[in-house]
Structure formats: C-alpha cells, structure tokens
Amino acid sequence: MTSIDLNADLGEADNAEWARNEAEMLRYITSANIACGGHAGTEKSMRHMVRGAKENGVLIGAHPSYPDKAHFGRKSMTLGKDISADALKASLLEQIATLAEIAAEEDSFISYVKPHGALYNDAVRDAEKAELIAEVITAIDPRLIMMGGPNSEMGRAAKRHGLLFIAEGFIDRRYTDEGHLQSRSIDGAVITDHKARLVQAKKLITLQSVTTASGSELPIQVKTLCLHGDSAGAVETARLVRREIEALGIKIKAFAHVQ
C-alpha cells in the first residue's frame, strides 16, 4: 500500500470544546464525513464544516443517518415498523441534498456518502437497507462514491448500481470475528488507548488485517481509515496516526479529487 485516506465523522459537535476539536481534526484528515441533519448537524454547522474542509483541502462527504437525533442515530430502525422505506428514503435524500446544496453555495461539492451509526451497521448485513441507500445515492448523483464496511451488503449494493465503493477500516473500534464492528454496548468495543489505536491503524495498513475482540487475526482490505471525531483524544490520535503512517513512507491522500 502506497497511500491511504484518513476520514473522520464531523459536524456533530454540541459544545464549544468539541467544535474546536472538530476544526482541529481537519488539519490531519483527508476526508470529512459531515453530519447533515439526521442524527446531528444544522445548516450552520454544515456550512462551517464545508468551509473548514475546503480551506484544508479535505474531501467532503455526506454522513446521513436514521432521522433520530434523540438517540444520535445509534438506535436501529426496522423498516415497516419503526419507519417506512419511503420515509427513510425521503429523509436520506433530504439530508444529502441539503449538504450538497450548501457545498455548492460555498463553491465546493460532495464526493461521497457514508451512512452513520446504526444505519451503517444495519446496512453491513441488511441487503434491503443497503439497496435503499444505494438507490438514494444513485438518484442524487451516480458519480457519488459510497463508503462502508468491507465484505458487506453495502459493497454489493454499490456494485449493482454501478457506484464506486470505498471500503473502510476503523482505528478506534474493536471487530468481531465476522469482520463487523463490535456493539458499543460491549465494554472495550471503543478503543480508548492511543497506543492501541496506532497498533490497529498500522496493522490495517501494513498487514491488511485486524486483531478481533477474541484475539483472532482477520484479513481486511480497506482504502480509508476512520477515527470518530467524538472519541476522547481524537485529535491527538489523528496527529499521531498521520505522523506514524507517513514515517512508514505511506502517503496520506484522499481517494478522490479535492476541489
């Protein structure tokens, strides 16, 4: 591997310190997944993050979720029970289109879409939800890239719709033996130690594998690494990861053209 993209979930801040950390993250990453109203984010925060991304030469992506700010988009919704397929489609269309319009007003553009939270985790395994997301992306702009978990239903749905798919690995999350993210309800699912985060990042890049929660080694091929912007110490980890990766002779580079 000669290059890797670094992405972070941003535009989610609800206090001044968190907002400052998000702005700082833009110095180290190459792609910004901007919350666009489903779980977090307002037009003001979207515009602020778009401007920051543009100033730092960072690729802009939409980060839509279930329309559920009460649970920060981390509660799964069952189609036909908690939300209809049409309602979810309409919400995702509105979220992504809102960010796209704001980006255009700032003389920029969105390049990709990465679902957030429970919607992301559900679409990894649920073909119907993955298909729904791919349909929405295609309807907005078939040139948009879809970001998601490797070996997932999202990747298969993207292929069916002719969308470019970018497989993502996580620096600060534990994996199951099946290659999925371990539930946040499990103690230790979120990696909090900087050293452990660095080890996982390096292994994903150099060995294309990850040590699962059970201690097994799992092959996993990714083109971008994510560090959650709301994780404790996220800025410091981003700085350290970028330094360590570049020290290996690997270039930190966005996976698409940046305006």
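Laboratory data are not the source of any read-out in this text; all were calculated from the coordinates shown. Remember, predicted model here, so these are calculated numbers, not experimental data. Cβ sites come from the backbone with ideal geometry, for glycine too, and all protein chains shown count toward neighbours.
The figures follow:
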{"read-out": "Environment charge at E217 (Cβ cut-off 13 Å; Lys +1, Arg +1, Asp -1, Glu -1)", "value": "0"}
{"read-out": "Value of relative contact order over segment 69-123, rounded to a whole percent, pairs C-alpha under 8 Å and six or more apart", "value": "52"}
{"read-out": "Table column - 3J(HN,Hα) (Hz), segment 60-70, Karplus curve with 6.51, -1.76, 1.60, x for Gly and Pro", "value": "9, x, 8, 10, x, 8, 4, x, 7, 5, 4"}
{"read-out": "Part-to-part distance (alpha-carbon centres) for segment 99-141 and segment 8-68, which is given in Å", "value": "15"}
{"read-out": "Length released on extending from L164 to K203, taking residue separation times 0.36 nm less the Cα-Cα span", "value": "11.6 nm"}
{"read-out": "Relative packing of peptides 101-109, 77-85 - highest average C-beta neighbours within 10 Å first", "value": "101-109, 77-85"}
{"read-out": "For the chain: relative contact order, % (alpha-carbon pairs under 8 angstrom, 6 or more apart)", "value": "23"}
{"read-out": "Over 23 Å (Cα to Cα) - which of K54/K89; K75/K159; K44/K253; K75/K195; K54/K251 fall in this group", "value": "K54/K89; K75/K159; K44/K253; K75/K195"}
{"read-out": "Local electrostatic count at T138 - Lys and Arg +1, Asp and Glu -1, tallied over other residues with Cβ under 14 Å", "value": "+1"}
{"read-out": "Net charge of neighbours whose Cβ lies under 14 Å from the Cβ of R47, counting Lys and Arg as +1 and Asp and Glu as -1", "value": "-4"}
{"read-out": "Helical contribution to [θ] at 222 nm, DSSP H n ≥ 4, -39,500 (n - 2.57), averaged over the chain, rounded to 500", "value": "-12500 deg cm²/dmol"}
